[in-house]
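S.K.: Attaching a single structure in structure tokens format; questions to follow.
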Amino acid sequence: MTSDRQTIDSITSQEYKYGFVTDIEQETIPPGLSEAVVRLISSKKEEPDFMLQWRLKAYRRFVQLQADNKEPHWAKAEYEPIDYQAISYYSAPKDTPELSSLDEVDPKLLETYTKLGISLLEQKRLTGVAVDAVFDSVSVATTFKDALAEVGVIFCPFSEAVQKHPELVEKYLGSVVPYTDNFFATLNSAVFSDGSFVYIPKGVRCPMELSTYFRMNAAKTGQFERTLIIADQGSYVSYLEGCTAPMRDENQLHAAVVELIALDDAEIKYSTVQNWYPGDKNGVGGIYNFVTKRGACRGVNSKISWTQVETGSAITWKYPSCILQGDNSIGEFYSVALTNNYQQADTGTKMIHLGKNTRSTIISKGISAGHGQNTYRGQVKIMPGATGARNYSQCDSLLVGDQCGAHTFPDIDVRNSSARMEHEATTTRIGEDQIFYCRQRGLSTEEAVSMIVNGFCRDIFRKLPMEFAVEAQKLLELSLEGSVG
Amino acid sequence: MNIRELNNNHSLNQDKNIRMLEIKDLHVSVEGQEILKGINLSVGAGELHALMGPNGSGKSTLAQVLAGRDIYQVTAGEVLFEGRDLLALTPEVRARKGLFLSFQYPVVISGVNNIYLLQAALNARRKERGEEALDAVDFLALVRNRLQAVQMDESFLYRPVNEGFSGGEKKRNEILQMLILEPILAILDETDSGLDIDALKIVAEGINNFRTPQRSFLVITHYQRLLGYVEPDWVHVISEGRIVKTGGPELAHELEERGYGWLQGGQPDVTIKAAIGP
Ligand SMILES: Nc1ncnc2c1ncn2[C@@H]1O[C@H](COP(=O)(O)OP(=O)(O)OP(=O)(O)O)[C@@H](O)[C@H]1O
Ligand SMILES: [Mg+2]
């Protein structure tokens, strides 16, 4: 079987396409975390006092958690301890005065986003996607604000929302993910720099896809963004986030928090294509992606749907979850997570059923190649009041080669006997015989693998907005390149 | 586009002196054990050769080596395909150049619909021939036409490759692929095994209609029955990794009668005869 092994072993390095660094003057505060740093961030953003006080509470809690050694290590991922004093908590391109139009954005930044395939210029209107671009710690541009404002949709950088819509921020911030939630969420609450804010008013169907593009540029910086999306009664929004970072030898921390709130009859569709730098083929460098994402279906008949395609990061640790409070509310989680080389992903979801007749669907597809480790961790909790709750979970793993691993930890906690639960799980390996069969029909090894992987993920790609589905498919092919000889 | 047009043979083999396939003293080992011990076989354009022999004699090994399966090591010998060094080509290049293997055990590929594989395979083959990819309408017309030839229902197109197919359905699916890819050399490894009588006739007819003066076949079988429908030009018997006898169609009858034992110098072997069935 030596040749078989060779085929699957011979990993050729595939350059990370988004690994360039933008040479732009940046203002970066010295590494280190202290109360002064938290105050500095808050004052740079000219925040109202409630925001500063909230940050300080979080900061004090974080100090306590650190003193008590509460950094979580239960995820199935191995990494060197993180030195939180070695990270810089704020970095922004210099000269970011209030911009009245995109023409005023530094051309180098526009060029960065163009290189990444995201045109911030107005021709993007054709595709009907409004973009908020976050560069390290600040939002550099938001497109189509005016068009959205006409229908009352607020889509702006988080820092702007804090100033212009403090009542909404104060009401909802931390209402789904409190600053006490977990170690990384606490850190984020203290030092978060920017992110996107979305408010969809009652009865409005957001006329275009909203999208935030996160880019880490500066070295030794962490990115701690915060996203808050509120869908008021009877409204609908589809939101997409994409992420990339330059190639660097050291690991960079990304600890974001996303909160979604859906009121009565509202629906939020949240899609992620995550392609942070995964490290090189020997596992050097890459992003630590420790993210807390949670949605609250607060109203009756509300719906929150998470779709994620995770191909990047050295370590991914995220569990986009739904709290199904409103009666008849629906939570969905559709995920493709791919790990190649030495990447580690520990991802999944939590569905907490509180309301009557609440329903949740979980479809998770994990692909492991190279020495990648892929873990699904999911929890479905049916609380006593959730009469008539239903859950369907499907958890499939695909192994490419024999050096990688797939692990599944489903946790089901049912406290109401009327609940209906279904769980299915499969593990398959792309066999040498399958690849040979395809090659005998004229396909190259890579065509064969990508055909099989695409077939495996098709159900999830269907859930993505059209243009992103194509993007996701390409990304997957790129991430798999070189995973088989 | 006219389906007939697709039947044009694009083989380079215009020169009558160049053989379709020439195997010279081929030795093959797997995990250090020699399985093929000096095979010599020459197949001319348009010829149909039958390869028979007891279980474990090396028939599938030969078929897989010709297709480029790299778990087998060629330790000596040479194979020419239309005069070119076959062993130097990757499996996919062999396929694109028109070498087709109908697998004894077709492989299941979950999640990939039959029609996707067919389309990818046909486009790879067409590209090699310098032809453009067929558009969806022409492709579907072609596939429907071929489905009819093997009397398969269209629903098979939208099922994952070989998943849940019965034994006979898998074999018919192999023939469907062959009819669509239009190889110049088709190696059929026990395509008749597991077929019911009607299906056997359908497959045999598919092969007969597919025969042209340019297209060659190497048909591996245990049964005279298929050869009753599909007349071979030559019949070879392989035993313990060597071709021990070559003859005309009548040899297949003789084997049916007498088994393989007499070819190895002894009496017809009853156990082998039982194994190869009626
Ligand atoms: N991958 C392999 N590993 C180990 N032994 C193998 C392998 N492939 C073939 N062999 C051995 O080589 C010999 C020939 O096998 P092969 O499959 O070519 O026989 P066959 O003539 O096709 O038999 P059948 O009529 O049963 O299909 C057998 O003894 C078999 O066990
Ligand atoms: Mg065999």
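The values are calculated or read from the model by the stated rules, or taken from the named source; none is laboratory data. None of the values given here were measured: they were computed from a predicted structure. So basically every Cβ, Gly included, is an ideal-geometry build from the backbone, and we count neighbours across all protein chains shown. We work out accessible area using only protein heavy atoms, side chains counted, and drop any ligands, DNA or RNA first. Shrake-Rupley method; radii C 1.70, N 1.55, O 1.52, S 1.80 Å.
S.K.: Which distance in nm do the two modelled labels at B:Val107 and A:Lys281 give, with both placed 7 Å along the Cα-to-Cβ direction?
M.R.: Taking the simple label geometry, B:Val107 and A:Lys281 are separated by 2.3 nm.
S.K.: Then there is this: Between B:Thr246 and B:Ala88, what is 0.36 nm times their sequence separation minus the Cα-Cα distance? Round to one decimal in nm. Display every interim value, and only then the final one.
M.R.: Values: separation 158, 0.36 × 158 = 56.88 nm, distance 2.81 nm.
Value of the extension gain: 54.1 nm.
S.K.: Under the Karplus relation 6.51 cos²θ - 1.76 cosθ + 1.60, θ = phi - 60°, what is the ordered set of whole-Hz ³J(HN,Hα) values for region A:343-352, x standing for Gly and Pro?
M.R.: Values per residue, Gly and Pro as x: 5, 10, 10, 10, 9, x, 7, 10, 10, 10 Hz.
S.K.: If you build the convex hull over the alpha carbons only and average its shadow over all orientations, what do you get for region B:103-223? Give it in nm² to one decimal.
M.R.: Here the figure is 7.4 nm², rounded to one decimal.
S.K.: Something else about it: Measuring from label point to label point, each 7 Å out along Cα→Cβ, what is the B:Val137 to A:Tyr79 span in nm?
M.R.: 5.4 nm
S.K.: Then there is this: Quick one: work out the % antiparallel among DSSP beta bridges in region B:2-275, nearest 5.
M.R.: Counting DSSP beta bridges with both partners in region B:2-275, the antiparallel share is about 60 percent.
S.K.: For the residue pair B:Asn55 and A:Asp413, what label-to-label distance in nm results when each label sits 7 Å from Cα along the Cα-to-beta-carbon direction?
M.R.: Distance between label points: 5.6 nm.
S.K.: Right, next: Multiply the residue separation of B:Asp25 and B:Lys37 by 0.36 nm, subtract the distance between their alpha-carbon atoms, and state the gained length in nm to one decimal.
M.R.: That pair, B:Asp25 and B:Lys37, stretches by 3.5 nm at full extension.
S.K.: Loop-only check: which trypsin sites (Lys or Arg not before Pro) in region A:147-215 are DSSP coil with at most 14 other Cβ within 10 angstrom?
M.R.: Listed in order of number, the matching sites are A:Lys202.
S.K.: Can you tell me the FRET efficiency between B:Asn209 and A:Gln403 if r is taken as the Cβ-Cβ distance and R0 is 51 Å, rounded to the nearest 0.05?
M.R.: Taking R0 as 51 Å, the efficiency between B:Asn209 and A:Gln403 is 0.60.
S.K.: Can you give the accessible area buried between chains A and B, summed over both chains, with a 1.4 Å probe, in Å² to the nearest 100? All intermediate terms of the calculation are to be shown ahead of the outcome.
M.R.: Values: alone 19410 and 12880 Å², together 29940 Å².
The buried area between A and B, both sides summed, comes to about 2300 Å².
S.K.: Zone of A:Asp68 (label point 7 Å along Cα→Cβ, backbone N under 12 Å): which residues in region A:161-185?
M.R.: Only A:180-183 pass the distance filter.
S.K.: Which angle from 0 to 90°, rounded to the nearest 10, does the C-alpha axis of helix B:136-149 make with the longest principal axis of chain B?
M.R.: With rounding to tens, the tilt is 40 degrees.
S.K.: Where does helix B:197-210 land angle-wise versus the long Cα axis of chain B, in degrees 0 to 90, nearest 10?
M.R.: Helix B:197-210 sits roughly 70 degrees off the main axis of chain B.
S.K.: Let me ask you something else. With 5 Å bins from zero, work out the P(r) of region B:2-275 over every alpha carbon pair and list the percent per bin.
M.R.: Histogramming region B:2-275 at 5 Å steps yields 1, 5, 12, 17, 19, 17, 14, 8, 4, 1, 0, 0 percent.
S.K.: Grab the beta carbon distance between B:Glu128 and A:Thr180, set R0 = 51 Å, and tell me the FRET efficiency rounded to 0.05.
M.R.: FRET efficiency, B:Glu128 to A:Thr180: 0.20.
S.K.: For a quick check: with amide H placed at 1.01 Å from N, whose amide H comes under 5 Å from B:Tyr223's, ignoring anything fewer than 5 positions away on the same chain?
M.R.: The list, which skips near neighbours in sequence, is empty: none.
S.K.: Got the relative contact order for chain B handy, in percent, Cα pairs under 8 Å and 6 or more residues apart?
M.R.: Relative contact order comes out at 24 percent.
S.K.: Compute the length gained on full extension between A:Arg60 and A:His165: take 0.36 nm times their separation in residues and subtract their Cα-Cα distance, giving the result in nm to one decimal.
M.R.: Between A:Arg60 and A:His165, full extension yields 35.2 nm more.
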